[in-house]
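Only one structure is covered here, and it is reproduced in the block below.
Coordinate-derived values only; no laboratory data. Note that this is a predicted model, so its numbers are computed, not measured. Don't worry about glycine lacking a Cβ; one is built from the backbone with ideal geometry, like all the others, and counts go over all protein chains shown.
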Amino acid sequence: MSCCCNHTNSDLSLLEPVLSEYKGVKGSLITVLQKAQDIYGYLPTDVIYHIAEATGNTPAKVMGVATFYTQFRLTPVGKYLIMLCQGTACHVNGSERIEAAITEELGIKDGETTEDGLFTLKCVACLGCCSLSPVMMINEETYGSLTPEKAIRILGDLRQKAGEEA
């Protein structure tokens with residue numbers, strides 16, 4: 001398939017086991033997209049087109065599903081994806097102050113990634129951890145009872161860890 005879109009050069013062979021496993025399975029598009037995102041970290045354009053072709057869907061349908069659900073990302077994210085809860089409990093307990101502190105510390109807003117590719121900030125409706133509010137998840141780790149100072153300290157620890165791994 002070709003179009004005017006900016007295709008990436010993803011290693012599509014990485015997706016073949018997933019496509020084989022779900023070949024002909026009705027209602028598996030979301031699962032295939034989830035697994036593709038796990039592989040690539042996001043859903044590159046060429047992967048969307050490849051999934052469409054392999055599943056017998058149109059690229060528009062696959063893109064429609066990928067853009068409808070907030071769990072899917074169409075652009076790369078930083079090494080650390082910060083999901084900051086903005087649900088009612090978190091809002092009441094100061095999530096806006098946490099967001100302001102993160103924004104000031106990292107120089108990014110919701111949906112943006114730091115220039116060094118280390119952090120991406122994503123504000124989400126709810127993380128389901130209301131008793132820990134305000135709360136954020138960074139990759140698979142949950143951080144609760146946040147204050148602006150605690151959030152900044154966590155980011156500093158992650159930045160230091162990333163520096164040590166480099």
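With Cβ to Cβ distances under 12 Å as the rule, what net charge do the other residues near VAL124 carry (K, R +1; D, E -1)?
Values: positive: LYS122; negative: GLU99, ASP110.
That works out to -1.
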Around ASN93, what is the net charge, scoring Lys/Arg as +1 and Asp/Glu as -1 over all other residues with Cβ under 13 Å from its Cβ? 0
With only Lys, Arg, Asp and Glu charged, each at its Cβ (+1 for the first two, -1 for the last two), find how big the charge dipole of the chain is about the Cα centre; round to the nearest 20 debye. 500 debye
Residue-span extension gain [GLU140 to ARG153] - 0.36 nm each, minus C-alpha spacing: 2.9 nm
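List, in the order given, every pair from LYS122/LYS150; LYS35/LYS79; LYS23/LYS79; LYS23/LYS122; LYS26/LYS122 whose Cα-Cα distance in the structure shown is over 26 Å. Intermediate values should be presented prior to the final figure.
Details: LYS122/LYS150 18 Å; LYS35/LYS79 18 Å; LYS23/LYS79 31 Å; LYS23/LYS122 33 Å; LYS26/LYS122 31 Å.
Long pairs (Cα-Cα over 26 Å): LYS23/LYS79; LYS23/LYS122; LYS26/LYS122.
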Cβ density ranking, 10 Å radius, fewest first, applied to THR113, THR147 yields THR147, THR113
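Among bridges DSSP assigns within the chain, what percent are antiparallel (round to 5)? List each step's numbers first, then the result.
Values: 7 of 13 bridges.
In the chain, approximately 55 percent of DSSP beta bridges are antiparallel ones.
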Neighbouring Cβ atoms within 10 Å as the yardstick, rank CYS85, CYS123 fewest first. CYS123, CYS85
Options (1) 47; (2) 34; (3) 24 are given for percent of Cα pairs over 28 Å apart, and the computed one is (2)
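Nearest 0.05, what FRET efficiency do SER20 and ARG97 give at R0 = 45 Å with Cβ-Cβ as r?
Efficiency, from the Cβ-Cβ distance: 0.40.
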Exposure-ranked with fewest Cβ neighbours within 10 Å first, GLU115, GLU105 stand as GLU115, GLU105
